[in-house]
Amino acid sequence: MGPIKTLCFLILGLFLEGINGQLNGWIHAHATFYGANQNPSTLGGACGYDNTFHAGFGVHTAAVSGALFRNGEACGACYQVMCDFKADPKWCFRRAVVTVTTTNFCPANNNGGWCDPPRHHFDMSMPAFLRIARQGNEGIVPVIYRRVACKRRGGVHFTLRGQSNFNLIMISNVGGSGDIKAAWVRGSRTRTWVPMNRNWGANWQSSVDLRSQTLSFKLTLVDGKTLAFFNVVPSTWSIGQTYSSRNQFS
């Protein structure tokens, strides 16, 4: 290979590396922290999780900017975040990595804020932030991140909300890619899968009357994987209860 071809391939490689700020599968972003004076279990935020422990996520959670939040579709998604030690060796821990679950939205202020589009930003729970960086530098550090599979204990959780004749289901503790693209529900008397619509965040709704029926669910994740959860909810269900499936996305 001649010097001109070599130079062309080098330029092409640098160009491809620069697309979306990617570096060997990692993407450049920034991170801050929130919830310093809050019980981290309450940081359910815009996704509507009532309690991050109850939802299966623990304390390592984050609010993400609109470029990542995707109008709530990112709820439950997992990201591996590493403080960029090369860019900021004073505040970053070397090779420190934390996996966070998206539970909240970091809104834009349209005034050059860190969460303004098209920026990729993580406003992390304080326990998660302190795994990768020191608390200083006004709490802002450069990071690199990548999507990873969510590793969950037990099955998917289905929490019944709404009213007796209005079905609102909060879906949490989802493994695999973690973020739900589509959902269906089936009652023991309806016999067909009824599409559900995202009401907000991790909450899905349907218009069919499912009272006194055993409920099954089917989910499709953003990565395309589909799994059915049969007879998860007994016919004696009531609003406010959470039921866990026996199977889980891998």
Legend entry - Criterion: farther than 23 Å from A46 by Cα, among the hydrophobic types (A, V, I, L, M, F, W, C) and in contact with a strand residue (DSSP E or B) (Cβ under 6 Å, 6 or more places away or on another chain) - qualifying residue of W204, W193: W193
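In the range 205-221, which residue that is hydrophobic (A, V, I, L, M, F, W, C) and open to solvent by less than 10 Å² (accessible area, probe 1.4 Å) is nearest to the chain's Cα centre (by Cα)?
Only one residue tops the list, namely L221.
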Legend entry - Failed item, numbered, when R119 is tested on (1) out of contact with any helix residue (DSSP H, G or I) (no Cβ under 9 Å at 6 or more places or on another chain); (2) among the charged types (D, E, K, R); (3) under 26 Å from R198 (Cβ atoms): (1)
Inset, instruction - Mind listing whichever residues of the range 70-95 are in contact with a Phe, Trp or Tyr (Cβ under 8 Å, 6 or more places away or on another chain) and modelled with pLDDT under 95? - result: G72, R95
Inset, instruction - Show the residue pairs that are 6+ apart or on different chains and have beta-carbon atoms under 7 Å apart, the first residue being within the range 183-211 and in a loop (DSSP other than H, G, I, E, B), the second being of a type in the set (D, E, K, R). - result: T192/R186; W193/R186; W193/K218
Inset, instruction - Count, please, the residues in the range 116-144 that happen to be in contact with a strand residue (DSSP E or B) (Cβ under 9 Å, 6 or more places away or on another chain), within 17 Å of R70 (Cα to Cα) and open to solvent by 10 Å² or more (accessible area, probe 1.4 Å). - result: 3
Inset, instruction - Determine whether A108 is under 23 Å from S206 (Cβ atoms) and surrounded by fewer than 19 Cβ atoms within 10 Å (Cβ to Cβ). - result: no
Inset, instruction - Specify the residue that is nearest to A182 (Cα to Cα); the eligible residues are those in the range 42-70 that are without any contact (Cβ under 8 Å) to a residue 60 or more places away in the chain and touching a Lys or Arg at 6+ places or on another chain (Cβ under 7 Å). - result: A67
Inset, instruction - Please go through the range 92-105 and pick out each residue that is open to solvent by 70 Å² or more (accessible area, probe 1.4 Å) and part of a strand (DSSP E or B). - result: F105
Inset, instruction - Could you check how many residues of the range 187-204 are crowded, with 22+ Cβ neighbours inside 10 Å and either more than 16 Å from the chain's Cα centre (by Cα) or over 24 Å from F69 (Cα atoms) (or both)? - result: 1
Inset, instruction - Could you grab me the full set of residues in the range 139-184 that are hydroxyl-bearing (S, T, Y) and within 12 Å of the chain's Cα centre (by Cα)? - result: S172, S177
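In the range 171-179, is there at least one residue being surrounded by 15 or more Cβ atoms within 10 Å (Cβ to Cβ), part of a strand (DSSP E or B), touching a residue at least 24 places away in the same chain (Cβ under 8 Å) and touching a Lys or Arg at 6+ places or on another chain (Cβ under 8 Å)?
Yes; the residues of the range 171-179 include at least one that is surrounded by 15 or more Cβ atoms within 10 Å (Cβ to Cβ), part of a strand (DSSP E or B), touching a residue at least 24 places away in the same chain (Cβ under 8 Å) and touching a Lys or Arg at 6+ places or on another chain (Cβ under 8 Å).
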Legend entry - Test for A87: is it surrounded by fewer than 18 Cβ atoms within 10 Å (Cβ to Cβ) and in contact with a strand residue (DSSP E or B) (Cβ under 6 Å, 6 or more places away or on another chain): yes
Inset, instruction - Just need a number here: residues in the range 71-102 that are without any contact (Cβ under 8 Å) to a residue 40 or more places away in the chain and under 23 Å from N199 (Cβ atoms). - result: 1
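The values are calculated or read from the model by the stated rules, or taken from the named source; none is laboratory data. Nothing here was measured: the structure is a model prediction, and the numbers come from that model. Backbone-built Cβ (ideal geometry, glycine too); neighbour counts: all protein chains shown. The accessibility values were calculated without ligands, DNA or RNA, using every heavy atom of the protein model including side chains. Shrake-Rupley method; radii C 1.70, N 1.55, O 1.52, S 1.80 Å.
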